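The block underneath contains the structure these notes are about, expressed in structure tokens.
Coordinate-derived values only; no laboratory data. All values derive from a computational prediction rather than experimental measurement. Glycine also receives a Cβ, built like all others from the backbone with ideal geometry; neighbour counts cover every protein chain displayed.
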Amino acid sequence: MRAWPKVALAEICSPAERYTTPTLGEIYRQLGVRLWGEGAYEREQIDGGDTKYANFNCIDADD
């Protein structure tokens, strides 16, 4: 892995920006990312009325 060049993350990918406002009564799936390269995982689901976040960022396949 030491032979890989270091580049800014923005050079190889772009952020997915699909924001939605949480709605009371609607269930949302959550995504977490583990540290040290262990990858993404699905967190617990949450009702839109149980969050203090003003927006969620929606993630699709191949993001």
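Hey, got a sec? Which GluC sites (Glu not before Pro) in the chain land in a DSSP loop and have at most 15 other Cβ atoms within 10 Å?
Those that pass, being in a loop and sparsely packed, are GLU17, GLU26, GLU38, GLU44.
Restricting attention to the chain, which chymotrypsin sites (Phe, Trp or Tyr not before Pro) occupy a DSSP loop and are surrounded by at most 16 other Cβ atoms within 10 Å?
For chymotrypsin sites (Phe, Trp or Tyr not before Pro) across the chain that sit outside H, G, I, E and B with at most 16 neighbouring Cβ atoms in 10 Å, the list reads TRP36, TYR53.
What's the Kirkwood radius of region 16-57 in Å, using all Cα pairs?
After inverting the mean inverse Cα-Cα distance, the result is 11.4 Å.
Find out how many positive minus negative residues lie around LEU24, taking Lys and Arg as positive, Asp and Glu as negative, among other residues whose Cβ is under 10 Å from that of LEU24.
Here the charged neighbours net out to -3.
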